[in-house]
Amino acid sequence: MNELLRRLEEHFVSRRDKIVLRDDVNQPGMTYEQLDLLSGRVYGYLKERGIGREDTVMLCLPRGMQIPIAQIGVWKAGASFVICEDTYAPERIEFIRQDCGCRLFVSGDNWAELMAHDSLKGRETLHPHDLAYTVYTSGTTGNPKGVMHEFGNLDECCEAHQYKGKPLLKETDVLAMNAPMNFVVYQMLFNAALFAGACVFIVPYSCIKNTTALMELYDRAGITCGFMTPSAFRVIRTLNPQLRWLLLGGELCANLYREDITLYNGYSMSESGSPVCLFQVDRAYSATPVGRNYGGHDLRLLDDGGS
């Protein structure tokens, strides 16, 4: 049995009234009970249409709660998904739609139809080597390339979100989701938050590049942890006191250290689907180490000859 989905099923029962998803529009947020109900409607809709193992559903939806509702519903059906925020360029959306060979395209045009369906309880049996989701790369060197991840990788993703044996996320945490929801970092952090029973706050793009507005939102939402690029963190002057830690990644981390927050320098990639290396920043480095692996990866450094 997939441990992440098993843990989520426990949350649906034992934490039914706890808020699991929030954003700056839907207040006070979505409970586990509501997430179970709405994702069950997606599940019922897919099952009625015969969508299941090894089938792909493309989610082209606005940034917000609809995407995690849909992806949990897809997983309940035993199927896989591709996320593409609906603000993407139409030609990129169409390329991914054709390339992934999706059985169903979910967008604002048919979302109401999914939400009108009866909610189906439970879920299909999941197999470790079945396809769970596909992440498409940026395509800076050509067309975007799809990286497929199996259900078995979801537990590895959750296991790797720790440092020296201690999980990064607690049930009481509110995790700020700054990253685009089609990026692998979204999937990694969302999975880890679900596993821990933490709350995910989906940050609107309108304030991500405005550090004053971002910190005001963090304060208002009670954000305790999150992910940022080093360049975004560099321009923040005052941090909210409730922030426990920030994960830095996506680019070189250089000359960054603060005593008023715990910083982690992380290294990962679309191909891994989970954190690869993690290092707690203990001082400013010209090139901050990425540390070691705390998950199940076997890391090897090779020279140009492959030795």
Rounded to 5, percent antiparallel among DSSP beta bridges of the chain:
35 percent
Dipole size in debye (nearest 20) for the range 60-159 around its Cα centre, Lys and Arg Cβ +1, Asp and Glu Cβ -1?
80 debye
For the chain, with all protein chains present and a 1.4 Å probe, just round the carbon and sulfur fraction of the accessible area to a whole percent.
51 percent
Subtract the Cα-Cα distance of residue 299 and residue 118 from 0.36 nm times their separation in residues, and report this length gain in nm to one decimal.
60.5 nm
Rounding to the nearest 20 debye, state how big the charge dipole of the range 42-86 is about its Cα centre with +1 on each Lys and Arg Cβ and -1 on each Asp and Glu Cβ.
160 debye
Return a whole-number percent for the relative contact order of the range 157-234, with Cα pairs under 8 Å and 6 or more residues apart as the contact set.
37 percent
Nitroxide proxy distance, nm - points 7 Å out along Cα→Cβ at residue 284 and residue 213:
3.0 nm
The range 177-307, relative contact order in percent, only Cα pairs under 8 angstrom and at least six apart counted:
17 percent
So with the 1.4 Å probe, I'd like the accessible area per residue for the range 149-305, rounded to whole Å².
46 Å²
Sorted by packing (mean other beta-carbon atoms within 10 Å per residue), highest first, where do 279-289, 29-39 land?
29-39, 279-289
Taking the Cα centre of the range 183-268 as origin and charging only Cβ (+1 Lys, Arg; -1 Asp, Glu), how large is the dipole, in debye to the nearest 20?
80 debye
Which shape class, rounded, prolate or oblate, goes with the range 185-279 when its Cα gyration tensor gives a ≥ b ≥ c as root eigenvalues, a/c under 1.5 marks rounded, and past that a/b bigger than b/c marks prolate?
oblate
In deg cm²/dmol, rounded to 500, what helix-only [θ] at 222 nm does the chain give when every DSSP H run of at least 4 residues adds -39500 (n - 2.57) and the total is split over its residues?
-9500 deg cm²/dmol
How high is the relative contact order of the chain, in percent, counting Cα pairs under 8 Å that sit 6 or more residues apart?
16 percent
For residue 259 and residue 24, what is the calculated FRET efficiency with R₀ set at 30 Å and r taken between the beta-carbons, to the nearest 0.05?
0.50
As straight-line cross-link partners of residue 76, the qualifying lysines (C-alpha separation under 22 Å, not fewer than 8 residues apart within one chain) are 18, 47, 121
In nm, the gap between the two label points placed 7 Å beyond Cα toward Cβ at residue 33 and residue 107 is 3.6 nm
Show me the ranking of peptides 5-14, 116-125 by mean Cβ neighbours inside 10 Å, starting with the highest.
5-14, 116-125
How long is the gain from residue 92 to residue 49 if the chain were fully straight, where each residue apart is worth 0.36 nm and the alpha carbon distance is subtracted?
12.8 nm
R0 of 30 Å, Cβ-Cβ distance residue 238-residue 143: FRET efficiency to nearest 0.05:
0.10
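The values are calculated or read from the model by the stated rules, or taken from the named source; none is laboratory data. Computed from a predicted structure; not experimentally measured. Positions of Cβ are generated from backbone atoms using ideal geometry, with glycine treated the same way; all protein chains shown enter the neighbour counts. All accessible areas refer to the heavy atoms of the entire protein, side chains included, with ligands and DNA or RNA removed. Shrake-Rupley method; radii C 1.70, N 1.55, O 1.52, S 1.80 Å.
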